[in-house]
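This report refers to the structure that appears directly beneath it.
The values are calculated or read from the model by the stated rules, or taken from the named source; none is laboratory data. Note that the structure is a prediction, hence the values are computed from the model and not measured. So basically every Cβ, Gly included, is an ideal-geometry build from the backbone, and we count neighbours across all protein chains shown.
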Amino acid sequence: MDVLIVIGSETDRKVADAAAQLLGEFSVSHSIEVASAHRTPEKLEQLVASSNAKVFIAVAGLSAALPGAVASKTTKPVIGVPVGVKLEGLDALLAMMQMPSGVPVATVGIENGKNAALLAVEILALSNNALAKKLQDYRKALKK
């Protein structure tokens, strides 16, 4: 599997599905798992430790601890997607962007699962020429 999308709860499914759809368009293998940094931390830790994913996408609202929790358990890239639960998602966005030094989380716009997927594709394309070509074609099509 190339990308593991982790959501803190089923309420985040819509954002994860947008990311999954775009990953599917690029034929990038992926899955979606529910694991909360607060309610099921042991499950989250085991999920990250046992995953062979090359990139993680973590979708969270409110305190938005999920992406940071994932990043603290891996050296692989983690992309955070803030969800607008309160304060129109600004609280989640700021929480993801203000990670302490040494625990980076790449952060995309509020509820922008599609951009998270594109960033994951870009990361994977660094070592996959066929995927890089698909990405170039995708970008060209956007300009038309």
Picking from Val15, Val28, the residue that is within 20 Å of Asn128 (Cα to Cα), β-branched (Val, Ile, Thr), in contact (Cβ under 8 Å) with a residue 24 or more places away in the chain and buried (at least 19 other Cβ atoms within 10 Å of the Cβ) would be Val28
Taking region 31-47 and the residues there that are free of Cβ contacts under 8 Å to residues at least 12 places away in the same chain and either closer than 21 Å to Leu119 by Cβ or polar (S, T, N, Q) (or both), the one that is surrounded by the most Cβ atoms within 10 Å (Cβ to Cβ) would be Thr40
Scanning region 116-131 for residues that are farther than 18 Å from Val70 by Cβ and surrounded by 15 or more Cβ atoms within 10 Å (Cβ to Cβ) gives Leu118, Val121, Ala125, Asn128, Leu131
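Look at Lys114 and say whether it is within 14 Å of the chain's Cα centre (by Cα) and among the basic types (Lys, Arg).
yes
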Across (1) within 16 Å of Leu23 (Cα to Cα); (2) touching a helix residue (DSSP H, G or I) at 6+ places or on another chain (Cβ under 6 Å), Ala120 clears everything bar (2)
Residues in region 1-32 that are in contact with a helix residue (DSSP H, G or I) (Cβ under 7 Å, 6 or more places away or on another chain) and either farther than 19 Å from Ile123 by Cβ or of a type in the set (A, V, I, L, M) (or both) total 13
Scanning region 90-101 residue by residue, the ones that are crowded, with 20+ Cβ neighbours inside 10 Å and either modelled with pLDDT of 95 or more or of a type in the set (Gly, Ala, Ser) (or both) total 2
Picked from region 73-89 (must be among the hydrophobic types (A, V, I, L, M, F, W, C) and modelled with pLDDT under 90), the residue nearest to Ser9 (Cα to Cα) is Val85
The number of residues in region 101-144 that are closer than 25 Å to Arg13 by Cα, out of contact with any strand residue (DSSP E or B) (no Cβ under 6 Å at 6 or more places or on another chain) and among the small types (Gly, Ala, Ser) is 2
Flagged in region 67-89 as among the aliphatic types (A, V, I, L, M), in contact with an Asp or Glu (Cβ under 9 Å, 6 or more places away or on another chain) and either within 19 Å of Lys43 (Cα to Cα) or surrounded by fewer than 16 Cβ atoms within 10 Å (Cβ to Cβ) (or both), in numbering order, are Ala69
